[in-house]
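Let me begin by presenting the structure, written as structure tokens, before commenting on it.
The values are calculated or read from the model by the stated rules, or taken from the named source; none is laboratory data. Just so it is clear, the structure is predicted and the values come from calculations on it, not from any experiment. Note that we place each Cβ from the backbone using ideal geometry, even for glycine, and neighbour counts take in every protein chain shown.
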Amino acid sequence: MTDRFTESIVEDAALAWLGGLGYAILHGPEIAVGMPGAERADPGYRDVVLERRVRQALGRLTGVPQLERERVPMTRVARAGGIDQPAAAGAACGVATRT
């Protein structure tokens, strides 16, 4: 057996750390298209920005009412955050949500 440093080691460590901080950890398929808790619109997991979560966080951080937040195109929000070409995300990616 070789001691290899893999992506899963980093992901597991990050998710454990976020869980310890009080974030709820969800498995990617739990929020996939067609699931009861769906948050993604793309079945290919290319939507790495979860729009509803971003809009909710913007509301908590800025105090801007929901209707006002919904008028801002997500492409504008993504560019402001430095996301020009979102990378594809795998189905097994975890999502951390502050509870």
Legend entry - Subset tally (residues that are loosely packed, with under 11 Cβ neighbours inside 10 Å and either among the aromatic types (F, W, Y) or touching a residue at least 60 places away in the same chain (Cβ under 8 Å) (or both)) for the range 22-37: 1
Inset, instruction - Give the residue, chosen from R4, R60, R40, that is in a loop (DSSP other than H, G, I, E, B), loosely packed, with under 15 Cβ neighbours inside 10 Å and of a type outside the set (A, V, I, L, M, F, W, C). - result: R4
Inset, instruction - Enumerate the pairs (first residue in the range 40-66 and without any contact (Cβ under 8 Å) to a residue 40 or more places away in the chain; second residue anywhere and small (G, A, S) and surrounded by 14 or more Cβ atoms within 10 Å (Cβ to Cβ)) with beta-carbon separation below 8 Å, excluding pairs fewer than 6 apart on the same chain, so at least 6 apart or on different chains. - result: R40/A32; P43/A32; V49/A78; P65/G59; Q66/G59
Inset, instruction - Go through the residues of the range 76-90 one by one and say whether even a single one is hydrophobic (A, V, I, L, M, F, W, C) and modelled with pLDDT of 80 or more. - result: no
